[in-house]
1. Just to check your reading of the model, which residue among B:Glu338, B:Glu334, B:Glu388 is within 14 Å of chain A (Cβ to nearest Cβ) and either modelled with pLDDT of 95 or more or touching a strand residue (DSSP E or B) at 6+ places or on another chain (Cβ under 6 Å) (or both)?
2. Any residue in the range B:130-141 that's touching a residue at least 12 places away in the same chain (Cβ under 8 Å) and assigned by TED's automatic domain parsing to the domain that holds B:Thr386: show its pairings with residues that are surrounded by fewer than 18 Cβ atoms within 10 Å (Cβ to Cβ) and among the basic types (Lys, Arg) at Cβ separation under 9 Å, as long as the two are six or more apart or on different chains.
3. Would you check if A:Ala213 is over 30 Å from A:Arg80 (Cα atoms) and either surrounded by fewer than 14 Cβ atoms within 10 Å (Cβ to Cβ) or in the same structural domain as A:Arg142 (by TED's automatic domain parsing) (or both)?
4. Find the helices (runs of 4 or more DSSP H) located wholly in the range A:23-134 whose residues include 3 or more that are farther than 20 Å from A:Tyr352 by Cβ and out of contact with any Gly (no Cβ under 9 Å at 6 or more places or on another chain), and list them.
5. Go through (1) assigned to a helix (DSSP H, G or I); (2) away from chain A (no Cβ under 11 Å); (3) not aliphatic (A, V, I, L, M) for B:Thr310 and report which single condition fails.
6. Given the criterion under 30 Å from A:Asn129 (Cβ atoms) and either in contact (Cβ under 8 Å) with a residue 60 or more places away in the chain or surrounded by 24 or more Cβ atoms within 10 Å (Cβ to Cβ) (or both), identify the matching residue among A:Met302, A:Met358.
7. From the list B:Leu295, B:Leu275, pick out the single residue that is of a type outside the set (Asp, Glu), in contact with an Asp or Glu (Cβ under 6 Å, 6 or more places away or on another chain) and assigned by TED's automatic domain parsing to the domain that holds B:Val340.
8. Among the residues of the range A:262-279, how many are more than 11 Å from chain B (Cβ to nearest Cβ), assigned to a loop (DSSP other than H, G, I, E, B) and more than 37 Å from the chain's Cα centre (by Cα)?
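The values are calculated or read from the model by the stated rules, or taken from the named source; none is laboratory data. Values in this document were obtained by computation on a predicted structure and should not be read as measured data. Note that each Cβ is placed from the backbone with ideal geometry, even for glycine, and that neighbours are counted across all protein chains shown.
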Amino acid sequence: MDFDLSEEQRLLKDSLDRLIGDRYAFEQRKAYAQNAEGWSRELWRQYAELGLLGLPFAEADGGSGGGPVETMLVMEAIGRGLVLEPYFATVVLGGGFLRHGGNAELRREVVPKIADGSLILAFGQTERNSRWNLADVMTRARRDGSGWVLDGEKGVVLYGDSAGKLIVTARLGGGQRDREGIGVFLVDAAAPGISRRGYPTQDGLRAAEVTLAGVRVGADAVLGEPGAGLPLVERVVDEGVAALCAEAVGAMAIMHELTVEYLKTRRQFGREIGSFQVLQHRAVDMLIALEQARSMAMYATMMAAEENATERRDAISAAKIQIGRSGKFVGQQAIQLHGGIGMTMEYKVGHYFKRVTMIDTIFGDADYHLRALARRGGSPIAT
Amino acid sequence: MDLRFTPEELAFRDEVRTFFHENLPESIRTKLVEGKKLAKDDIVTWQRILNKKGWAVANWPVEWGGTGWTPVQQYIFQEELQLTPAPQPLGFGVTMVGPVMIAFGSETQKKHFLPRIANLEDWWCQGFSEPGSGSDLASLRTAAKRDGDHYIVNGQKTWTTLAQHADWIFCLVRTDPQAKKQEGISFLLIDMKTPGITVRPIITIEGGHEVNEVFFDDVNVPVENLVGQENKGWDYAKYLLGRERTGIARVGLSKERIRRIKELAALERDGERPLIEDERFREKLAAVEVELKALEMTQLRVVAAERHRTDNRPDPASSILKIKGSEIQQATTELLMEVVGPYALPYQPEREDDDRWNEPPIGPEWAGPIAPTYFNWRKTTIYGGTNEIQKNIVAKAILGL
């Protein structure tokens, strides 16, 4: 039982803190968002130089062999800085598909491009009717000689507009929500038949609606087993949720810091408003919600690599529930305790609130996971 | 970072678990599972079994009979007690007055009292709260006036848990009425048999007798029963209250309750199916489980941080554990109320110190203690410093507000 970081992990954390401190002040972030793609390619190259983009990949594939704890540290820093670059889409999700579903040849080809910053990936899962059910896939994959033809529409593909390659789920057979019959495909984003409509998201990030119309891919485009891709998707998404939990904790921590700072400086009725007990207790309730979330983000990090899919899923659901509930409380109260200034676009707390709110809508909100966990009869409580 | 127990820690857990299962009398375990009251003898019997094994005062320094376990081992031991479930060693002696004597008491006090605490020869109770001094404890007024080699104590203590069994009481008393309120308080050990002491039961809302009022009317206390220095009692009390950093959340107890909720909700039918299959009920239960899992991880973070601590000051994080732990404990009692449904209603008091209750139960045999436990458990957000006081502590000590 040990919550300490290793020496290397501490160094990583320090360098991340420095990076966010130097390069991600609120005004700097605004400038990055003005770029055509909505984020900074220049910073992306810096992440590559720092080794962040190759972090979770095996050394044999051109990475640096980091694990879930390293990803947690990066994502928490991303949460603290409200980082705009597509780390989650490219390294966590895209990288996850390659690590768990890509053969050695593919990994040797693609991982170095991720690590050096030249390749952006995006994962297309959501469809108009799927909500968060990973098995609900209507995009079709038809056999075409040794390859496949893909037809369908994917929505809210995070960084789908910037991506050089897309990873999409498509149905080879079976009904709309069957667990069997799902394939995962790695597709060149410039392939004929793909059209993308990029847009900003509520929290200032990017996403795209992607249409696939008769998109031809080779046999080597399949990640994992054709027709049995769902366990791969679930595994990658579970790792992704653990990473999002860490990001949310970073953002919540900043909201709490900003709020406590505000309570200490804002004066009304001739005194600091932090001297009022009702506000003190609210700030403590926020701290409790934050610490409970932090605990569950650590738990999710520990369980993200769990091979037993049932245990992993239950743990990840439990974490996402806690993050969703804590995030909503901390975010809403951060705005409330700031009063009017918290409502303004020019002040940063609202941007953190928006990011944490949107994290709840990715890969299942708190209620979705609560229902799922309850149905499975699953208690994550080990005795 | 590795949040799993090491193989050594797991082996230790198995050793503790096996010992508990082999040595705890089944009648005691059953009472705890069913939410019934323990008799004094149950608690004494179990603590003596633990003491024979060398585990009654696990948290003390080795020279006074402690185990020298790591914080994680201490945690595992507590957790296993709650999961079994087995009675805790009597806290007033083992976690409160014992450690205070070890830190501040005289050699004579230590040599005489500590072995008797370990073997529960002396049942201790706590004389802190007074009718006018609850959350504002330092305003206490029970007075001890020096008279030669004695103090003469006059006043009243209240909420004194299990004083009806007690041989001794440790009291905060005012020895300097002129000083600032925290600076005129002393820590006195008082024999409950001393003339002038009266114990009067307070019956709590569920009908039980756990707490008492204790009256002191010209009670003579020898000066050698003063702990440490006169007028330093407030420091010792803070030491006592702050030492209990972990275990306060009672995660193991809530886990055991959730196990019980699932067991009973599978027995109880709701229409065509057991209650446990009701989706809404399952979601409520799962929500509590998630909170509890998060609390467990928070608690382990505090336990793991213990080994980096160099001081003995209270960890304000323990306030968070207390707040969240008590809320979750109360939530489990609410879920049990939902499980029992209409048979929460019949009032079926237990007989104190008598498990030969011959009347047949009304309704399901397990229903009797559920509503009383729900009522009684409202205390958890009040005792040990109300949750509101805990929030004041966190606001000041952690947030700097």
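1. Details: B:Glu338 fails: within 14 Å of chain A (Cβ to nearest Cβ); B:Glu334 fails: within 14 Å of chain A (Cβ to nearest Cβ).
Matching residue, one of B:Glu338, B:Glu334, B:Glu388: B:Glu388.
2. Qualifying pairs under 9 Å: none.
3. Numbers: over 30 Å from A:Arg80 (Cα atoms): yes; either surrounded by fewer than 14 Cβ atoms within 10 Å (Cβ to Cβ) or in the same structural domain as A:Arg142 (by TED's automatic domain parsing) (or both): yes.
Answer is yes for this residue.
4. On the way: elements: A:26-33, A:41-49, A:68-81, A:95-101, A:104-115.
Once the helices (runs of 4 or more DSSP H) in the range A:23-134 are filtered for at least 3 residues that are farther than 20 Å from A:Tyr352 by Cβ and out of contact with any Gly (no Cβ under 9 Å at 6 or more places or on another chain), what remains is A:68-81, A:104-115.
5. Status for B:Thr310: all satisfied but (1).
6. The conditions single out A:Met358.
7. Numbers: B:Leu295 fails: in contact with an Asp or Glu (Cβ under 6 Å, 6 or more places away or on another chain).
After ruling out the rest, the residue left standing is B:Leu275.
8. Selection size over the range A:262-279: 2.
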